[in-house]
1. From GLY73, GLY127, GLY86, which residue is within 14 Å of ILE50 (Cα to Cα), of a type outside the set (A, V, I, L, M) and either without any contact (Cβ under 8 Å) to a residue 60 or more places away in the chain or in contact with a Phe, Trp or Tyr (Cβ under 7 Å, 6 or more places away or on another chain) (or both)?
2. One residue is enough: does segment 98-109 have a residue meeting the conditions surrounded by fewer than 16 Cβ atoms within 10 Å (Cβ to Cβ) and either farther than 28 Å from ALA145 by Cβ or not assigned by TED's automatic domain parsing to the domain that holds PRO129 (or both)?
3. For segment 31-49, what are the residues that are touching a Phe, Trp or Tyr at 6+ places or on another chain (Cβ under 6 Å), assigned to a helix (DSSP H, G or I) and free of Cβ contacts under 8 Å to residues at least 40 places away in the same chain?
4. Restricting attention to segment 110-131, report how many residues are charged (D, E, K, R) and buried (at least 17 other Cβ atoms within 10 Å of the Cβ).
5. Pull out all pairs, ordered by first then second residue, where Cβ-Cβ is under 9 Å, the residues are six or more apart or on different chains, the first lies in segment 53-69 and is at negative phi and assigned by TED's automatic domain parsing to the domain that holds GLU89, and the second is surrounded by 15 or more Cβ atoms within 10 Å (Cβ to Cβ) and charged (D, E, K, R).
6. Could you please let me know if ASP133 is over 17 Å from the mean Cα position of the chain (by Cα), at pLDDT below 90 and in the same structural domain as PHE34 (by TED's automatic domain parsing)?
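The values are calculated or read from the model by the stated rules, or taken from the named source; none is laboratory data. Everything quoted here is computed from the prediction, not taken from an experiment. Neighbour counts run over all protein chains shown; Cβ positions are idealised from the backbone, glycine included.
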Amino acid sequence: MSGHLDTTPAGPFPPHLEEVACHLYLVFCEHLPFCGCGDPAAGYKLAHQILTLAPLYEDGRWRQAEELCGTPGAHQLVLAALTEAGLLEHGSSIGGSWITDRGRWVLWAVEQIGGIDVLEDRLDNAGFPHEWDPVAKTQQECTDACWTIPSAAEKPVTDDAPAVPEDLADVIAMTLTRRAAAYAMLPPWSPFRSPIWAPTPTAAVTPGACYEASFGRVHVKPGCRCERRPQ
């Protein structure tokens, strides 16, 4: 990745969103005919507004889009540019355009980096998302995955997310609230899915004692070889 984002003036930038910002740079600074001189932020906001309105064939939204663009001619040019960039598509009339999957990704990505008001600052510190191909003498191509909005399961883990315990010490050190959240995330086969570590114990078992799991007896203390208790 060639882009490097700093933390000013839009505030601290999470490292895992650098790739998102660099793909937005590709859209707004390569796929769309924007130039860094003049007032590019006004152009970014106009494109964002049009994408937010889509589908334009519903409720006369094409009229709102034309008003935003100023004139019928400018309206045609803006919609054509957004279509050429793969953000809109249309049938018999460009005025009734609807948003594409890539267009939806752009709306999602803008929100991820802090919103449309900080987009210009983010793009000023971004670059192309992929490396230069010396053979083809061009930037490496994006794949469909580049423009796919991640599902909830694929979102990066943040400091606020409950941790899944990796060993016994992690479990013991957790507060009751964090333990309850982590317990709910454990897979069914985890040795920690036991009444001992459940947030609300379902059996009269002393915490710290050895216990029976689905795969056999689990010894809590190192070196313990106690026998299985009779049922």
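1. That would be GLY86, the only listed residue that is within 14 Å of ILE50 (Cα to Cα), of a type outside the set (A, V, I, L, M) and either without any contact (Cβ under 8 Å) to a residue 60 or more places away in the chain or in contact with a Phe, Trp or Tyr (Cβ under 7 Å, 6 or more places away or on another chain) (or both).
2. Within segment 98-109, none of the residues are surrounded by fewer than 16 Cβ atoms within 10 Å (Cβ to Cβ) and either farther than 28 Å from ALA145 by Cβ or not assigned by TED's automatic domain parsing to the domain that holds PRO129 (or both).
3. GLY43
4. 3
5. Once the first residue is at negative phi and assigned by TED's automatic domain parsing to the domain that holds GLU89 and sits in segment 53-69, its partners that are surrounded by 15 or more Cβ atoms within 10 Å (Cβ to Cβ) and charged (D, E, K, R) give LEU53/ARG61; ALA54/ARG61; PRO55/ARG61.
6. Considered against the rule, which asks whether it is over 17 Å from the mean Cα position of the chain (by Cα), at pLDDT below 90 and in the same structural domain as PHE34 (by TED's automatic domain parsing), ASP133 comes out as yes.
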